[in-house]
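Novice: The structure is given below, and queries will be raised subsequently.
Bear in mind these aren't lab numbers, they're just calculated from the coordinates by the rules spelled out. Fair warning: this is a prediction, and the values are worked out from it, not measured in the lab. Every residue, glycine among them, receives a Cβ derived from its backbone with ideal geometry; neighbour counts consider all protein chains shown.
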Amino acid sequence: MKIAFIGVGNVGAPLANQLQKLGHAVAIAARDSSSQTVQSALNRNPNLLVQSPLAAIESADVVFLAIPFGAIESALTPLKSALSEKILVDCTNPVGANLTHGLQSRFSGSETIQQLLPDVRVVKAFTIYGYENFEDNRYPGYGDVQPAMLIAGNDTGAKAVVTDLCQQLGWEPVDTGNLSMSLHLEHMTLLWIKIARVQGRGAGFVWAMLQR
């Protein structure tokens, strides 16, 4: 599968690295190929492609969005035509002052992206944790239980593709419903941050889905 990444920072870089090692053709959509984040991602995995944003998006089957939420509109608007009908995996979180929801919990960041790009098949995924668990999501000692990756989206086919990618990466995908459920996933991210970083529990914990 051809996968493009808009953003290869703490979240995007480990996901891009792992997906390439799984056999996918992974491209970095880079406005500046010499930037520190791009070079750091290439130092991690020199087999990542570096292309202009337009070229990377046009050739991709799936696009991962992993940039600060405040940069979304300026990054995506010039790519609106190229992104049409693409699967866009939204890995972003609108975080406000004092670890509040950046959109005052009126609606999710993912719904904001869907409004900006109505022809794009947006799926919320690869949030609810800090970047450390995208670097390494292995938790030995729990038998067959895998860490849960909660996803949300309106397009069933797009969610099936993201579900498969989650499984390849060692997550148990949990479909929470339509894209409006992304608001709750964004609150789960805030919860994880407050427990891990504010309360000092540390990054080494995840959620799991246990069913009878």
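Novice: Name the residue, out of 13, 27, that is in a helix (DSSP H, G or I), without any contact (Cβ under 8 Å) to a residue 40 or more places away in the chain, of a type in the set (A, V, I, L, M, F, W, C) and surrounded by 19 or more Cβ atoms within 10 Å (Cβ to Cβ). Show your work before the answer.
Specialist: Details: 27 fails: in a helix (DSSP H, G or I).
Of 13, 27, the one residue that is in a helix (DSSP H, G or I), without any contact (Cβ under 8 Å) to a residue 40 or more places away in the chain, of a type in the set (A, V, I, L, M, F, W, C) and surrounded by 19 or more Cβ atoms within 10 Å (Cβ to Cβ) is 13.
Matching residues to (1) closer than 23 Å to residue 37 by Cβ; (2) touching a helix residue (DSSP H, G or I) at 6+ places or on another chain (Cβ under 6 Å); (3) charged (D, E, K, R):
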site	(1), (2), (3)
52	yes, no, no
69	yes, yes, no
77	yes, no, no
90	yes, yes, yes
97	no, no, no
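Novice: Same structure again: What single numbered condition from (1) part of a helix (DSSP H, G or I); (2) within 19 Å of residue 180 (Cβ to Cβ) fails to hold for residue 58?
Specialist: Checking residue 58 against (1) part of a helix (DSSP H, G or I); (2) within 19 Å of residue 180 (Cβ to Cβ), the one that fails is (2).
Novice: Quick check: is even one residue across region 193-205 touching a residue at least 40 places away in the same chain (Cβ under 8 Å), part of a loop (DSSP other than H, G, I, E, B) and exposed (fewer than 15 other Cβ atoms within 10 Å of the Cβ)?
Specialist: Filtering region 193-205 for residues touching a residue at least 40 places away in the same chain (Cβ under 8 Å) gives 193-194, 196-198, 203-204.
Pick out the ones that are also part of a loop (DSSP other than H, G, I, E, B) and you get 203-204.
If we keep only those that are exposed (fewer than 15 other Cβ atoms within 10 Å of the Cβ) as well, we get 204.
So far as region 193-205 goes, yes, one or more of its residues are touching a residue at least 40 places away in the same chain (Cβ under 8 Å), part of a loop (DSSP other than H, G, I, E, B) and exposed (fewer than 15 other Cβ atoms within 10 Å of the Cβ).
Novice: Residues of region 137-169 being over 25 Å from residue 83 (Cα atoms) and over 15 Å from the mean Cα position of the chain (by Cα), which ones? Let's see the steps before the verdict.
Specialist: Within region 137-169, the subset over 25 Å from residue 83 (Cα atoms) is 137-148.
Passing the criteria: 138, 139, 140, 141, 142, 143, 144, 145, 146, 147.
Novice: Could you tell me how many of the residues in region 86-106 are under 16 Å from residue 182 (Cα atoms), outside any loop (DSSP other than H, G, I, E, B) and of a type outside the set (A, V, I, L, M, F, W, C)?
Specialist: Here the count works out to 2.
Novice: Within region 107-135, can you find the residues that are within 21 Å of residue 205 (Cβ to Cβ), outside any loop (DSSP other than H, G, I, E, B) and either of a type in the set (A, V, I, L, M) or out of contact with any helix residue (DSSP H, G or I) (no Cβ under 8 Å at 6 or more places or on another chain) (or both)?
Specialist: Within region 107-135, 132, 133 qualify.
Novice: Out of curiosity, is residue 74 among the polar types (S, T, N, Q) and surrounded by fewer than 17 Cβ atoms within 10 Å (Cβ to Cβ)?
Specialist: yes
Novice: Take region 83-102 and flag every residue that is without any contact (Cβ under 8 Å) to a residue 40 or more places away in the chain and either surrounded by fewer than 19 Cβ atoms within 10 Å (Cβ to Cβ) or at positive phi (or both). Let's see the steps before the verdict.
Specialist: Our first condition is that a residue be without any contact (Cβ under 8 Å) to a residue 40 or more places away in the chain; within region 83-102, this holds for 83-86, 88, 92, 96-98, 102.
Correct list: 84, 85, 96, 97, 98, 102.
Novice: Further question: Can you work out which of the residues in region 15-34 that are of a type in the set (A, V, I, L, M) and more than 19 Å from residue 52 (Cα to Cα) is farthest from the chain's Cα centre (by Cα)? Step through it out loud before you land on a result.
Specialist: As a first pass, look at region 15-34 and keep what is of a type in the set (A, V, I, L, M): 15-16, 19, 22, 25-30.
In the following step, the residues that additionally are more than 19 Å from residue 52 (Cα to Cα) were identified as 15, 19, 22.
Numbers: 15: 8, 19: 12, 22: 17 Å.
Here the answer is 22.
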